[in-house]
Amino acid sequence: MNQGTTPQPPTTAHRFAQRLSSTRRGARLARLLAAEQLRTWPVSPDIAERAELIVGELAANAALHGRVQGRDFRLTLTLDEAAGPLRIEVTDTRGEKLPVLQPPPPPDRESGRGLLLVAALADRWGTVPNEPVGKTAWAALDLGT
């Protein structure tokens, strides 16, 4: 008796990449573009909302701390429906200092919480050098969470 395999639905890989100016406007546009893109992908509203917030923080850091005059940063979103997770990457051209999670700043300080938010929202996150110059801050969101 020949036992066939159960047909599996084809999986789809999604990828979005965009270079943006290393400015506040570029960071804001990164968040808006990510939100719009994620509306077309098979992710839950919770995942899309978390991803949008993470993109906003990583893009703001790229514009503020990773800015090199005349150089852009790159936003990349990837999703393989079969393998997951949703991966967010923001690559800038300043690689001499990788970001490190610091203790929370005093309550009266207006900044310094971006990576704390990323750590709280992402299932995993980190930074890696980007050869020959720069760094990539990344975050992963598991689709089942």
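The values are calculated or read from the model by the stated rules, or taken from the named source; none is laboratory data. Note that the structure is predicted; figures quoted are calculated from it, not measured. We place every Cβ from the backbone using ideal geometry, glycine too, and count neighbours over all the protein chains shown. Areas reflect the complete protein model, heavy atoms only, side chains present, ligands, DNA and RNA absent. Shrake-Rupley method; radii C 1.70, N 1.55, O 1.52, S 1.80 Å.
Residue check, L32 against (1) buried (at least 16 other Cβ atoms within 10 Å of the Cβ); (2) at pLDDT 95 or above, all met but one. Which one?
(1)
Restricting attention to region 53-74, which residues are open to solvent by 60 Å² or more (accessible area, probe 1.4 Å) and charged (D, E, K, R)?
R67, R71, R74
If we keep just the residues of region 35-52 that are among the aliphatic types (A, V, I, L, M) and part of a helix (DSSP H, G or I), which is surrounded by the most Cβ atoms within 10 Å (Cβ to Cβ)?
If we filter region 35-52 for residues that are among the aliphatic types (A, V, I, L, M), which is where we start, we get 35, 38, 43, 47-48, 51.
After this cut, where a residue has to be part of a helix (DSSP H, G or I) as well, the list is 35, 38, 47-48, 51.
On the way: A35: 16, L38: 24, I47: 21, A48: 18, A51: 26.
Result: A51.
Has region 89-111 got at least one residue that is modelled with pLDDT of 95 or more and either over 29 Å from T12 (Cβ atoms) or surrounded by fewer than 16 Cβ atoms within 10 Å (Cβ to Cβ) (or both)?
No, that holds for no residue.
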